[in-house]
Amino acid sequence: MAKKTAKRVKHVPQRTCVGCRQTLAKRSLIRVVRTPEGLRVDPTGKIPGRGAYLHDHRACWERGIKSALAHALKVELTGQDRETLRNFMATLPDEGPLPQEEPLTQEEISPLKEGSISQEPVRQKKASADKEQDLQPDREEHKTLGQR
């Protein structure tokens, strides 16, 4: 009987918004790149240079322009850079809910409640690790056996 191969899950690159520090898929964020000519907004994500990512929300861009973007790009923002970023920011939606992480379900919350996590599995893991360590010969014994 032939084995079925498991279907591979495609890796989705994750990036962090420098404005709100939320991690999302790379494609859902806007990349800002430091180039020799100055800062550029990179909608394709392929322009060479050091990049930082921001949501498409004005609040994240405002926080990013203040200081976080300069720190992430390891550059001091010039007046021209700030103007370029503000012009792009003007095209973004004024308000709207910031993307938030999905709230935990009751099944995910219940093990986190105090007292519901059992210490028994942890103890079992420690005991099995101790047994494995006892079964392995000491390195010094191993060296002396090789010298004979």
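Some points to look at:
- Pick from the stretch 72-85, criterion surrounded by fewer than 16 Cβ atoms within 10 Å (Cβ to Cβ) and in contact (Cβ under 8 Å) with a residue 24 or more places away in the chain, ranking: nearest to the chain's Cα centre (by Cα): 74
- Within the stretch 20-50, tally of residues that are of a type in the set (Gly, Ala, Ser) and either over 20 Å from residue 77 (Cβ atoms) or crowded, with 17+ Cβ neighbours inside 10 Å (or both): 3
- Selection from the stretch 11-42 of residues that are in contact (Cβ under 8 Å) with a residue 60 or more places away in the chain and more than 20 Å from residue 71 (Cβ to Cβ): 28
- Filtering 51, 64, 45 for residues that are in contact (Cβ under 8 Å) with a residue 12 or more places away in the chain and closer than 16 Å to residue 92 by Cα leaves a single hit, 64.
Throughout, read-outs are computed from the coordinates displayed, never taken from laboratory work. The structure displayed is predicted, hence computed values, not measured ones. For neighbour counting, all protein chains shown are included, and Cβ atoms are generated from backbone atoms with ideal geometry for every residue, glycine included.
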